[in-house]
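A short worksheet on the structure shown next.
Rule-based calculations on the coordinates, nothing more; no lab input. All values reported here derive from a predicted model rather than from experimental measurement. Virtual Cβ from ideal backbone geometry, glycine too; neighbours counted across all protein chains shown.
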Amino acid sequence: MQDLRLVTKEQAASIQGALYRLPASQRTAIELAFFDGLTHSEIASELELPLGTVKTRVRQGLLKLRDHLMGTTS
């Protein structure tokens, strides 16, 4: 059995909407990490930011994304 994770159009729209509610700096870091497959170090180099800043942006963005998707924020 293959481990395929299918996302419905509705789920994809929810995720996209939640992503666009994030601050641009957090959204960019998450997109580079999860859609472009860059490591935190690569993102830091690409954006010319300290590694710690990138890690913070990704973490805070993921927490906000979770909250948006769980409906715990407006």
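Tell me yes or no: at least one residue of the range 22-36 is surrounded by 12 or more Cβ atoms within 10 Å (Cβ to Cβ), within 11 Å of the chain's Cα centre (by Cα) and touching a residue at least 40 places away in the same chain (Cβ under 8 Å). Checked against the condition, which is being surrounded by 12 or more Cβ atoms within 10 Å (Cβ to Cβ), within 11 Å of the chain's Cα centre (by Cα) and touching a residue at least 40 places away in the same chain (Cβ under 8 Å), the range 22-36 yields at least one hit. Scan the range 40-64 for residues that are within 12 Å of the chain's Cα centre (by Cα) and either more than 13 Å from THR28 (Cα to Cα) or among the basic types (Lys, Arg) (or both) and jot them down. Residues satisfying the conditions are LYS55, ARG57, ARG59, LEU63, LYS64. Whenever a residue of the range 37-57 is surrounded by 15 or more Cβ atoms within 10 Å (Cβ to Cβ), its partners that are in a helix (DSSP H, G or I) and of a type in the set (Ser, Thr, Tyr), lying with C-beta atoms within less than 7 angstrom and at least six residues away or across chains, give the pairs ARG57/SER25.
Which residues, taken from the range 63-73, are within 15 Å of SER14 (Cβ to Cβ) and surrounded by fewer than 18 Cβ atoms within 10 Å (Cβ to Cβ)? Show your work before the answer.
Going residue by residue through the range 63-73, those that are within 15 Å of SER14 (Cβ to Cβ) are 64-73.
Result: ARG66, ASP67, LEU69, MET70, GLY71, THR72, THR73.
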